[in-house]
Amino acid sequence: MSEQTPRPLRVGLIGAGLIARQHLTAMSRVPELVAVGISSRTRAKAEALAGEFGLAHVCDSPEELVRDARPDALMVLVSPQAMAQMAAQCLDFGLPLFLEKPVGLSVAEAEEAARVAGQKGVPNMVGFNRRHYSIFRLGLAKVLERGRLLSVLVEGSERMAVARATGRFTDEVLRAWIFANATHPIDLLRHFGGEPEEVCAFATSLHEPLGDQFVAALRFPGGVLGSFTGNWHSPGGWGVVLKGEGVTAEFRPLETCRLTYADGSTETLEPDADDLAVKPGFTGQLRAFAALARTGVLAPPSLDLVGALATMRLAGRLIAPVKPLP
């Protein structure tokens with residue numbers, strides 16, 4: 001007699017912005033989860049998403065959502081400036097918790113969230129979706145087929161002029177952009193290299209008070225070397241290069257991979273079907289969250305609040321030596 005498939009876990013969403021829509025779209029490809037309700041300060045947005053995706057409950061507060069929708073787990077998908085306060089509020093419910101990054105706009109806010117989660121024993125996960133890119137998994141495997149990973153190069157150039165021009169972000173978020181958004185590429189240093197054993201960083205500021213020109217050299221366990229650059233007011237974007245024995249894997253843009261071998265031959269890899277259909281990495285991290293909610297165990301490469309704090313602290317080390325440009 002075959003084992004019965006467990007019922008989908010009921011998920012409540014807090015926040016009804018663009019990121020909530022992306023998670024709901026990805027959730028349609030993850031049968032382990034079903035969204036049953038949503039709450040938002042802007043009820044009209046919540047009602048629109050509920051109607052589009054068939055959510056039974058539209059609520060005005062997280063408390064109402066937990067009471068009426070009776071979810072098995074919660075996803076907090078609010079704005080960066082609201083995340084730390086909402087995380088603290090939702091940890092009180094004791095339900096498995098998914099938090100979009102950033103978990104705060106400072107290292108201190110991330111430390112407090114991690115402390116409270118540990119104190120309350122709440123299973124949690126932070127949404128660094130790029131850790132779940134299928135193209136990263138495939139590219140790294142190709143490098144390791146040939147031998148060791150030798151170095152990790154990350155470019156984390158931000159488009160600050162664009163970010164300011166959208167009008168979507170408060171001055172508080174823009175000032176803390178190194179934590180609010182730049183932790184995505186910074187986290188890829190830890191994703192590929194592990195916890196850095198040594199960091200030598202320099203930063204200058206053209207316009208941004210916490211810095212906007214960065215360069216760092218890192219040493220990871222096993223002798224793997226790393227470098228990070230970021231130039232926030234120059235054309236460019238995010239990129240990763242992995243150097244191996246006789247092979248280089250270049251992810252530029254991040255969602256693509258071109259391999260170059262020592263004999264001059266090249267190979268192009270393709271993401272899996274999920275990452276081609278919806279925002280890359282979202283189905284992978286939702287499956288990881290479903291496993292966490294069901295078992296209480298968060299498997300690599302996912303991050304919990306403690307792991308996210310380590311990435312925030314690394315970002316803090318990059319801005320510590322900032323100097324204004326003359």
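Take LEU309 and decide whether it is assigned to a helix (DSSP H, G or I) and under 17 Å from ARG130 (Cβ atoms). Spell out how you get there, then give the answer.
Details: assigned to a helix (DSSP H, G or I): yes; under 17 Å from ARG130 (Cβ atoms): no.
So LEU309 fails the test.
From the list ASP60, ASP68, ASP72, the lone residue that is touching a strand residue (DSSP E or B) at 6+ places or on another chain (Cβ under 6 Å) and farther than 26 Å from ALA308 by Cα is ASP68.
Restricting attention to the stretch 126-173 and to residues that are touching a residue at least 40 places away in the same chain (Cβ under 8 Å), under 28 Å from HIS207 (Cβ atoms) and among the basic types (Lys, Arg), the residue that is surrounded by the most Cβ atoms within 10 Å (Cβ to Cβ) turns out to be ARG130.
In the list PRO96, PRO123, PRO80, which residue meets the criterion of being closer than 24 Å to HIS207 by Cα and either at pLDDT 95 or above or of a type outside the set (D, E, K, R) (or both)?
Working: PRO96 fails: closer than 24 Å to HIS207 by Cα; PRO123 fails: closer than 24 Å to HIS207 by Cα.
One residue alone meets the criteria, PRO80.
Taking the condition of being within 13 Å of GLU270 (Cα to Cα) and among the basic types (Lys, Arg), how many residues in the stretch 120-141 meet it? Residues flagged as within 13 Å of GLU270 (Cα to Cα) and among the basic types (Lys, Arg) within the stretch 120-141 amount to 1. Residues in the stretch 82-125 that are surrounded by fewer than 21 Cβ atoms within 10 Å (Cβ to Cβ), assigned to a helix (DSSP H, G or I) and touching a Lys or Arg at 6+ places or on another chain (Cβ under 8 Å): VAL107 alone. Being within 25 Å of CYS257 (Cβ to Cβ) and within 17 Å of the chain's Cα centre (by Cα) is a property that does not hold for GLY139. In this structure, ALA16 qualifies as closer than 29 Å to GLU111 by Cα and either touching a Phe, Trp or Tyr at 6+ places or on another chain (Cβ under 7 Å) or not in a helix (DSSP H, G or I) (or both).
Just one of the listed residues (ALA84, ALA50, ALA88, ALA20) is within 27 Å of ASP274 (Cα to Cα), under 21 Å from the mean Cα position of the chain (by Cα) and in the same structural domain as GLN119 (by TED's automatic domain parsing), namely ALA20. The condition (being touching a helix residue (DSSP H, G or I) at 6+ places or on another chain (Cβ under 9 Å) and over 29 Å from VAL78 (Cβ atoms)) is satisfied by just one residue among ALA216, ALA176, ALA163: ALA216. When the residues of the stretch 253-288 are filtered to those that are closer than 16 Å to VAL154 by Cβ and in contact (Cβ under 8 Å) with a residue 60 or more places away in the chain, the one that is surrounded by the fewest Cβ atoms within 10 Å (Cβ to Cβ) is THR256. Mind checking which residues of the stretch 128-172 are touching a strand residue (DSSP E or B) at 6+ places or on another chain (Cβ under 6 Å) and either outside the structural domain of THR229 (by TED's automatic domain parsing) or of a type in the set (Phe, Trp, Tyr) (or both)? Across the stretch 128-172, the qualifying residue is only PHE128.
Restricting attention to the stretch 229-247, the residues that are part of a strand (DSSP E or B) and either of a type outside the set (Phe, Trp, Tyr) or not assigned by TED's automatic domain parsing to the domain that holds LYS142 (or both) add up to 10. Summed over the stretch 174-216, residues that are without any contact (Cβ under 8 Å) to a residue 60 or more places away in the chain, farther than 23 Å from PRO80 by Cβ and either of a type in the set (A, V, I, L, M, F, W, C) or not in a strand (DSSP E or B) (or both) total 6. The set of residues in the stretch 91-139 being touching an Asp or Glu at 6+ places or on another chain (Cβ under 6 Å) and more than 17 Å from ASP187 (Cα to Cα) consists of ASN124 alone.
Can you confirm whether ARG258 is at pLDDT 95 or above, over 21 Å from PRO196 (Cα atoms), part of a helix (DSSP H, G or I) and out of contact with any helix residue (DSSP H, G or I) (no Cβ under 6 Å at 6 or more places or on another chain)? Answer is no for this residue.
The values are calculated or read from the model by the stated rules, or taken from the named source; none is laboratory data. On a predicted model such as this, the values are computed, not experimentally measured, just so you know. Neighbour counts are summed over all protein chains in view; Cβ atoms, including those assigned to glycine, are modelled from backbone coordinates with ideal geometry.
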